[in-house]
Every structure is written in structure tokens, then in C-alpha cells.
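Heads up: the structure comes next, in C-alpha cells.
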Amino acid sequence: MKYIMVGFGLLILSIQSFAEQSLSKPLLEQYVSTIEKFQVLEDKYPAMESEFENVLQMTPSAAIDKIKGMQAYSDIEKIVKAAGYDNFEQFYQQSYRIMSSMFAVQMQQMPDSVESMGAMLNSTIERMKKSGMPSEMISKMEKEMAEQKANIDSMATLAKSASDEDIAFMKENMMWLMSIMPTGIANNQ
């Protein structure tokens, strides 16, 4: 889980399309190559992973501002520019498109998963309360489940923003993309 939060945090930060360029295998290879390079930063900036913890619940502009304020930002910017992006925001725009289309494909494959997950979380809390579990344990579980629900809601929101063209491309290339993604990120999809 070394650079999962970094990669995932960077994946969801922009709401604009990346230069109207269609998604393609070379574009995805450029993206994957870039996120792999972030692993080096975690050794240099040990607090970086924790700094990305709440990025999913932020607005894109707040998340970008947070990352720009991080100690690692200048190195993040150097990595994306060295990878061939014009600037930091362009990388985020591409990240957003890739992740939103991935989530859209996953949601299409499991259309009831968001609603059923929410119901399951609520049911689990109710069972815990009825079983007489200590209130501290229930509070801790409620907090964890609220975080899980927020992540699921963020994924659903991202999925809704994917273009039909990006979704069609991702349907055809999802398995290939997952095969080239860094292990920590691919395992969380």
C-alpha cells in the first residue's frame, strides 16, 4: 500500500477533460509510467501517504490546492513534466478521465453495488447495536463505514462524469490496463 493513496489521490482531482484527446493505449502507458515514479517520493516524504487520506472527499480545486501545498509538490510537478505532461493540472485531468471511465465500467458491471453496499453497512451497524456491543466499538465501526460509504459515493460521482467514448475505450481495454497498473493500485480496483 506504499503509494496507493498517492496514486489514487492524484487520480481523482480534476473535472475537466484532458485536451479532447481520445484515450489510447499510449496515453495510458504514459499515465501508468508516471504514477509508478511516485513511489520514490514516499521514501523521501514519509508523511505523504497520510497527507492524501481525505483527498477523495474534497472538491477537485481543494484537493489540487492541498497537493500544491505539500512539501513533495515540487517533486510531483517535476515527475509529471518529465513524463511529458505540459503541467501538473494536465496530469490530473488525464487521471480523472481514466479513473472515471474505470469506475463507470465497474458500476455498469455491478449496477446495484452502490445501493447494496450502503444497505449492508447500515444493516451491520444495526446488528452490532442489537447484539449489545460496546458503544466505543460501534462508534469506531460507524466511522469506518462512513468513510467506506464516502469512498463509494466518490467513485459513483466519478463514474457519472465519464464520457461515452472513454467508457467504450475502457470496456475494451480494462483488463490490459489492470495488467500494467502498479500492484497496489490495481489491487484496489
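The values are calculated or read from the model by the stated rules, or taken from the named source; none is laboratory data. Keep in mind the model is a prediction, meaning the values are calculated, not measured. Virtual Cβ from ideal backbone geometry, glycine too; neighbours counted across all protein chains shown. Calculation scope for accessible area: heavy atoms of the full protein, side chains included, ligands and nucleic acids excluded. Shrake-Rupley method; radii C 1.70, N 1.55, O 1.52, S 1.80 Å.
Here are the numbers for this structure:
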read-out: Residue match in segment 137-146 (condition: under 21 Å from residue 104 (Cα atoms) and surrounded by fewer than 15 Cβ atoms within 10 Å (Cβ to Cβ)); value: no
read-out: Sole residue being aliphatic (A, V, I, L, M), open to solvent by 50 Å² or more (accessible area, probe 1.4 Å), under 18 Å from residue 103 (Cα atoms) and touching a residue at least 24 places away in the same chain (Cβ under 8 Å), chosen from 181, 155, 170, 174; value: 155
read-out: Any hit, segment 49-63, residues being open to solvent by 50 Å² or more (accessible area, probe 1.4 Å) and closer than 19 Å to residue 32 by Cα; value: yes
read-out: Test: residue in segment 65-87 that is modelled with pLDDT under 85 and either hydrophobic (A, V, I, L, M, F, W, C) or open to solvent by 60 Å² or more (accessible area, probe 1.4 Å) (or both); value: no
